[in-house]
Each structure stands twice: as C-alpha cells, then as structure tokens.
Amino acid sequence: MSHTSSNATHAIERRRAIVTLAALGVVFGDIGTSPLYAFREAFIVADLEVSEATVLGVLSMIFWALLLVVTIKYLIFVMRADNRGEGGILALTALIMRKRDRSRRQGVLIAVGLFGTALLYGDGMITPAISVLSAVEGLEVAVPSLGPWVLVIAALILIALFTNQHRGTSALGALFGPIMVLWFSVLAVLGIIQIIEMPSVLAAINPAHAVGFAFDRPTFAFLALGGVFLVVTGSEALYADMGHFGTRPIRLGWFGLVFPALVLNYFGQGALLLADPTAIENPFYRLAPSWAVLPLVLLATMATVIASQALISGAYSLTSQAIQLGYLPRLRVDHTSPRHFGQIYVPTVNWILMVAAVALVFSFGSSSRLAAAYGVGVATDMVITALLLFVVMRSRWQWSLARAAILIGAFLVVDLVFFGANITKIPAGGWFPLVIGVIGFTLMATWKRGTELKHARFDAGKLPVERFVASIADHPQQRVSGTGVYLFARSGETPPTLLTNLRHHEVLHETVVLVSVQVAGHPRVQAARRADVESLGQGFYKVDLHFGFVQEQDVPTALGDIVHPEFGFDASQATYFLGIERILASEFPGMALWREHLFAFLHQNAASASRFFRLPVDQVVEVGIQLEI
C-alpha cells in the first residue's frame, strides 16, 4: 500500500471515529438514560414482588427487546428506508408522498404518518422531564435532606436548558460525545461489579425465562412489558438522527459500546435485586457504593441533559421539515451555527416544550409517575413506522407481498404487544401524549387543508401569466428602473399582488421576476438544480426555485446564483412584493367552520414571509389581500 493511500485510509478511519463519537453524544441519549428508571418501572407498574423468577423473566424480556426492536428492526431494516439520507417518521411519510398517485389509500397513510409525527412532540415534552427528574432523584439517595427540593432542582435545570437553546449546541457538542462515552463506561462497570457477585443472573439471556414468566404469570408479565418498553423508547431517535451521522457510525456506536453497556447495567441491577430485594426502590443508584452516588448523580444529570437536548433539537428539525412540506405555518427559525446547517432554534416550539416539561415535573411529582405517561406515544409511533415501512418495501424496494408481510408481521407482533401493554397506562397519564398527538395532528391537517382551500380560491380568479404579459405588450405600461420580484406559490399564474400594484400605481419595474418556491419531497436539492428560469418577454421572467424539505429558503441568494444568458439579478436594485392575505371564515364548502377559524388564526400569527424567505426588510412591499375560504 502506498504512503498516500495509507494516509487516506487513516484519515477516513479518523473521521469515522469522530462521527461515531458525535453520534454517541446525540443519538443514544434517550435510550442510554433508560437504566435510570426502566428496570424499576417494570416491577412497579406490574406490582411485582422481587424473586428469582420475576427478575430473570424481566431481564430476559429487556435483553430480547433490545435485540429484536433496536438491533434487528431499526438498525438493520428501518434505517435502510432513508429519504436521500434523512430518517424519521416525517421523512418516511415524505418518501411515500413522492409517489405520483394520490389515491385515497395514500392519503390515509400520509394522515397516519402525520399523526405519528405529532406524537413525537409529546415525546419531546416528556423525555426531558422524566430524564432530568430521574437523575436528580438520586439526591434522595446521596443527600436525603435534599429530597423536598428534588422537583425544584429538576425544574431549574430544565429552565436553564431551554433558556439557553438560542445559543446553539456548537459549544457543547464537542463535550457530548466524551461525556456519553464516560456514561456508558460507568454503566458497564457498575453492572459488571454486581454480575461478578451474582453470575447466575446471566441465565436471563435464555429467552425461556421470558417465555416461562409470560406463561406462568401472564397478567403480571403483560403489565411488566409497559416498563420493559422504556428500554427501547429511544429507537425512533436512532432513525430520526441518521441524516446527521449516517447509518455506519450509529451501528458502530451501538454494537461497540451502547448495547453491551446497557445489557451489563440492566443485568447488574437484576443481580443486585437477587442479592437485596429492598434495592427495588432505586436499583440504579444502589449499584454504586455510597461515596460514588453523588458523583453518579452529577454524571447522570449531564447525561439526561444531553438526552433532552437531542429530543429538543429533534423537535426543532421536525418543525422545520413540517413547515417546508406545508403542514405547519411559517415559524421563526434561527440558524445557530454558521458552519452546521442542521443546528436550528425555533423559539415558539422551545417555549411550548419548556412550559410543558416543567408543568409535567410538578404535576406528576416523580419519575415513576411520569413513566406512566411515557411510552404510549412511542409505542404508537413504532406501529406506524412498521406500517409505513411495509409500503416502502412493496412500492420502492419491490419486495414480494409474502416477503414484506412475513417480516413486518413479525415486527408488528412485538410492536402490538408493547402497544397493548402501554395502553393500560392511559388512565394513569398515558393520555397526555395522545392528547398532544391529536392537537398536533389537528393543527397540521387543518393548515394543509386550509392552504389547499386558499389556493383553490386563488385559482377561481387565476390569470395565466402568458395572457397577462401579452396584455402588457398590447397596452404598454409606464416602466421604472430596477427589478420587481413577486412571490406567489402558484407557478404559471399572475400573482394577485402584481395585479393590485398595477391597478393602483399604473407602473411596472423594468424587470419583473415572478418567483414560485417549490419544496421537493426529498431533503436537499443541489444548487445546480435550484432554479428553472423562463423568459416571458416584455422584461418578465418566471422563476421556479426548488428546495429540499430541510433546506433554508433563501430567495435572494438563490436568485443571485442564477446563471442565465438573459436573466441578470442585482440584489441591491430589487424590490420584493409580498401578498399579505387576511383569511375570513365563511360558509363556503371545504372545512368545518371551527377549522376555518383555526386556520385563519394560524395564518394571522404565522411568521413574516420576508423573514422566512430571508428578504431584506427595507426592500419589501407588502400588499394586503382579503380572502374568504
């Protein structure tokens, strides 16, 4: 091997190690902090007594849940269903939307995908609350006198976390990976110490213990699955974050460190219970010697903050994708890093998550009670992911019906068992993520339908741009220097703002650019394919700008990058005309009146289009338009 190729190989390996380390700091935060509460909850939710049969049975279910759900379902199969590198349930839904047919069946699948997306917001509220609270509860073990202050301390940590989101994660990102490596290493060491004392616990690897527990005590085993499920609740995060890191680093991190560390820690907790059944009150912190509990609390708190950060950042990304795909109104989206596009901050979402997380801490009062609310939304999402994956297998991978049905059927058996076990949590708090899901789905479906109705109203009075330009040729108007840029969603139609401006001022710019922004069903569009330009004559140009659903829609930059023999764009000489529609609910058929009022409210409170499209505010003219739907 040559010296050059050897250096290139080392560079690739070094980069892969760095990316894997970064993935450890972001991707595995949720699933990696589950040992704080998951094993304990399996016993509490089912009111199980601690015995050899129950400990080995629960441990066996945990081991095989990690193997079947995380390893086989998500890392081997689900992560193959990427939308040009992007993952997550919304990207998977967009993958289905890329099909040309718009059948009723596809509409149902998209609606199901949207509901699953909405459920993730409930997860984004509960995860920071339960993770931070479960870590801080270790103070009750380390410093019992601080017990009454646990809720306040957890709330203050959450407030500090959310109020600093606008700073971005660049500064902390370099620390996330090493801290999580230390966290997983500590998990493994604590587990190994107890396993050495009670090696018989390793027998739980045999699935016969899970099966025997299920047959001997079916009711208790079924209820215990509600707690066991908490060990796999970060699976959707693995899939959602694949666009940031790729599949290989995530798989390397899982098999090389995370999976072994989690198994060792869960088995260590089981070994501890076999030796001391009273440790069920908090088996995680009881793994550590008394002198190490306080440092462990601090490390656990850092790990849970990192886990919370991953969910919060995911909620921002989810919101940005939903806006780009037309399922949410424009919201203010700030980019917190000049080098990393994916690091964004959405203030509206941030404050909603903060208020909800703090309220959950005080209303539920403990991580054990919060665990009752946690899992229902994620279990539902796992079922939805399996169903959407079946469609992708059939329509895009061209799998046979039998092959796809057998594999997805096996996944659904596990998913539906977990779903059923979590349904029992609804009265105790599991209703919360479902309510958030219904609210989120209603908002997204209403915005999408309202936007369609708005466009239909515009279509009723549409004027093809070719006819308008021809009329200008027949009846020349006074022209002024500069460029008038008119943004309108309907490509090929004359923008109402142009008609209104001409009617009132009887003047046109020397160059008129009619811009339509189109969002593709895939994450990114190459700069070379960004713009389609058509000269219409009389100084008019029709420009269609294409963006992926994770890309910033910077219209001035996109126009300035256009290379065309006739079209030349001078940003300093441009005036941007935006239509500001005032939506009025009416008796026109389309949506229920209450949904029309909701759409009008959302439309009125949407972020400024000039900010969203990155337009210079001193070059924008807003034209008011009143529209009934």
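The values are calculated or read from the model by the stated rules, or taken from the named source; none is laboratory data. Computed from a prediction, not measured in an experiment: that's the story for all the values here. Glycine gets a Cβ as well: all are built from the backbone with ideal geometry, and neighbour counts include every protein chain shown.
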Hits in segment 559-599 (condition: under 32 Å from the mean Cα position of the chain (by Cα), farther than 16 Å from Trp447 by Cα and part of a loop (DSSP other than H, G, I, E, B)): Asp561
Inter-residue pairs, beta-carbon under 7 Å, first farther than 15 Å from His522 by Cβ and in segment 548-563, second among the hydroxyl-bearing types (Ser, Thr, Tyr), 6+ apart: none
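Restricting the search to segment 46-67, which residues are within 28 Å of the chain's Cα centre (by Cα) and buried (at least 17 other Cβ atoms within 10 Å of the Cβ)? First the steps, then the outcome.
Just the residues of segment 46-67 that are within 28 Å of the chain's Cα centre (by Cα), to begin with: 61-67.
Met61, Ile62, Phe63, Trp64, Ala65, Leu66 - these are the residues of segment 46-67 that are within 28 Å of the chain's Cα centre (by Cα) and buried (at least 17 other Cβ atoms within 10 Å of the Cβ).
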Test: Glu236 is closer than 29 Å to Thr380 by Cα, among the acidic types (Asp, Glu) and in a helix (DSSP H, G or I): yes
Residues of segment 120-172 satisfying the condition of being under 14 Å from Gly365 (Cα atoms), free of Cβ contacts under 8 Å to residues at least 24 places away in the same chain and surrounded by fewer than 19 Cβ atoms within 10 Å (Cβ to Cβ): Gly147, Pro148, Trp149, Val152, Ile153
Among residues of segment 402-442, those that are touching a residue at least 40 places away in the same chain (Cβ under 8 Å) and touching a Lys or Arg at 6+ places or on another chain (Cβ under 6 Å), counted: 1
Of all residues in segment 294-325 being in contact with a Pro (Cβ under 9 Å, 6 or more places away or on another chain) and aliphatic (A, V, I, L, M), the one that is nearest to Asp554 (Cα to Cα): Ile323
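Yes/no per residue for (1) touching a Leu at 6+ places or on another chain (Cβ under 9 Å); (2) surrounded by 19 or more Cβ atoms within 10 Å (Cβ to Cβ); (3) assigned by TED's automatic domain parsing to the domain that holds Gly579:
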| residue | (1), (2), (3) |
| --- | --- |
| Arg467 | no, no, yes |
| Gly482 | no, no, yes |
| Glu493 | yes, yes, yes |
| His505 | no, no, yes |
| His509 | no, yes, yes |
| Val515 | yes, yes, yes |
| Val519 | yes, yes, yes |
| Phe540 | yes, yes, yes |
| His546 | no, no, yes |
Residue, nearest to Ile580 (Cα to Cα), within segment 477-510, restricted to residues that are in a helix (DSSP H, G or I) and touching a residue at least 24 places away in the same chain (Cβ under 8 Å): Thr497
Selected residue (only one of Thr497, Thr446 is over 35 Å from the mean Cα position of the chain (by Cα) and among the polar types (S, T, N, Q)): Thr497
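Being of a type in the set (Asp, Glu) and crowded, with 23+ Cβ neighbours inside 10 Å is the filter here, so list the residues in segment 208-240 that pass it. So that I can check it myself, show each step before the final result.
Here is the first cut: in segment 208-240, the residues of a type in the set (Asp, Glu) are 216, 236.
Within segment 208-240, just Glu236 meets the criteria.
Checking the conditions here, which among Phe547, Phe577, Phe540 is at pLDDT 85 or above and more than 17 Å from His509 (Cα to Cα)?
Details: Phe577 fails: more than 17 Å from His509 (Cα to Cα); Phe540 fails: more than 17 Å from His509 (Cα to Cα).
None of the others qualify; the one that does is Phe547.
Do you know which residues across segment 74-94 are surrounded by fewer than 19 Cβ atoms within 10 Å (Cβ to Cβ) and assigned to a helix (DSSP H, G or I)?
Kept after step one, since they are surrounded by fewer than 19 Cβ atoms within 10 Å (Cβ to Cβ), are these residues of segment 74-94: 76-77, 79-80, 84-85.
Ile76, Phe77, Met79, Arg80, listed by residue number.
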For Leu298: the one exception among (1) crowded, with 17+ Cβ neighbours inside 10 Å; (2) within 30 Å of Val143 (Cβ to Cβ); (3) modelled with pLDDT of 90 or more; (4) not charged (D, E, K, R): (1)
